[in-house]
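J.: Here it is, the structure in full.
Here, each number is a calculation from the coordinates, and none is a lab measurement. Quantities reported herein were computed from a predicted structural model and do not represent experimental measurements. So basically every Cβ, Gly included, is an ideal-geometry build from the backbone, and we count neighbours across all protein chains shown.
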Amino acid sequence: MNELEKRLLIVVGLTCAGKGYLLQRLIDIGMKILELDMGDVLRHRKRSDPEFAKLISSDQNSGGFCSVNIVNQLADEKLEHFSKRPAVYLSGYPRTKLQLEHLFGSPILKTHQVSVVHIDTPREVCKKRALAAQRGRDDDHLDAVRRKFRDFDTETFPVIQRLKDEFRSFTFDGRYTDHKLMELVENLGLHDLIDINEVSEDIKEEFHLWKFAEEQEDAFANDIEFLGSSVYRK
């Protein structure tokens, strides 16, 4: 795989907008993509490292952002590890302008073609989902959710606008992920990441993937024909 055939999908939106659900549906339709959720990375590090937990607990529990230096350092470590992967689903980063500027200097932007997905789910829907989620997280309470919304408006929304200015993007309402899934794949040119042979018959029928299967077979036949003619010419 050539360097810029690798893909980095930056997925942004309010808390509980549907980022995890979108990832699952992409996997369901046979997409070979690996998740890098910086929120999960921070929570895992917090559980395994007591000193680290002291540094970030007050920020996370109140729904705020963690120290930019801490987040950027962890992001560098994870992005370097993930840079060899053909497709990365990045969520929870960048959320601030300083994080965005740091990401612009990341080597992964030189090896991966970047696309942005903005899951623009209504705020009331996100709030209800967050309060009903019962994920056992310290920030699953109303005050934390309200602070996340405020931080999103002041810090993250300008970041999303900048990302959309810089990279190819697709925006949709997270209540209608299933209806928009194949449109997203089409608009962002993600077909090459899908292995139709890994998809169940029910999913093929639900998303009309039989059409996509026929296109893949035609493309494969054309490749074989081209290779055959090339060998013949030699």
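J.: From the phi of every residue in region 172-178, what ³J(HN,Hα) in whole Hz does the Karplus formula 6.51 cos²θ - 1.76 cosθ + 1.60 yield, where θ is phi - 60° and glycine or proline is x?
T.: Each residue of region 172-178 in turn: 8, 7, x, 6, 10, 4, 4 Hz.
J.: Figure the gain on full extension for Arg162 and Asn69 (residue separation times 0.36 nm, minus the Cα-Cα span) and round it to one decimal in nm.
T.: Length gained, Arg162 through Asn69: 31.4 nm.
J.: Let me ask you something else. Applying 1/(1 + (r/R0)^6) with R0 = 45 Å to the Cβ-Cβ distance of His141 and Asn197, what FRET efficiency is obtained, to the nearest 0.05?
T.: Here the calculated transfer efficiency is 0.50.
J.: Sort Val117, Val199 by Cβ crowding within 10 Å, fewest neighbours at the top.
T.: Lowest count first: Val199, Val117.
J.: Hey, what do the phi angles of region 83-90 turn into as Karplus ³J(HN,Hα) couplings, whole Hz, using 6.51/-1.76/1.60 and θ = phi - 60°, x for Gly and Pro?
T.: Values, residue by residue: 5, 7, 7, x, 8, 10, 9, 9 Hz.
J.: Lysines near Lys54 by alpha-carbon distance under 21 Å, same-chain residues fewer than 8 away left out - which ones?
T.: Result set, ordered by chain and number: Lys46, Lys148.
J.: Taking the simple approach of a point 7 Å from Cα along Cα-to-Cβ for both Thr154 and His208, what is their distance in nm?
T.: So the label points at Thr154 and His208 sit 4.6 nm apart.
J.: Between Val114 and residues 5 or more places away or on another chain, which pairs have amide H atoms under 5 Å apart, with H built 1.01 Å from N, and which residues are they?
T.: Sorted by chain and number, the residues that satisfy this are Leu8.
J.: Okay, moving on. Once amide H atoms are placed 1.01 Å from N in the peptide plane, what residues at a sequence separation of 5 or more from Asp37, or on another chain, have their amide H within under 5 Å of its amide H?
T.: Residues meeting the amide H criterion: Ser91.
J.: Roughly what % of DSSP beta bridges within region 3-194 run antiparallel, to the nearest 5?
T.: If we restrict to bridges inside region 3-194, about 5 percent are antiparallel.
J.: Give, in nm to one decimal, the length gained when the segment between Arg123 and Thr171 is fully stretched (0.36 nm per residue of separation minus the Cα-Cα distance).
T.: Net length gain for the segment: 15.8 nm.
J.: Fewest to most neighbouring Cβ within 10 Å: what's the order for Arg43, Arg123?
T.: Exposure proxy ranking, most exposed first: Arg123, Arg43.
J.: Something else: Of Lys32/Lys97; Lys32/Lys84; Lys19/Lys180; Lys97/Lys164, which pairs sit farther than 18 Å apart, going by alpha carbon to alpha carbon?
T.: Exceeds cut-off: Lys32/Lys97.
J.: Between Thr171, Ala132, Val185, whose Cα lies farthest towards the positive end of the dipole of region 3-194 when Lys and Arg beta carbons carry +1 and Asp and Glu beta carbons carry -1, centred on the Cα centre?
T.: Final value for the positive-end residue is Ala132.
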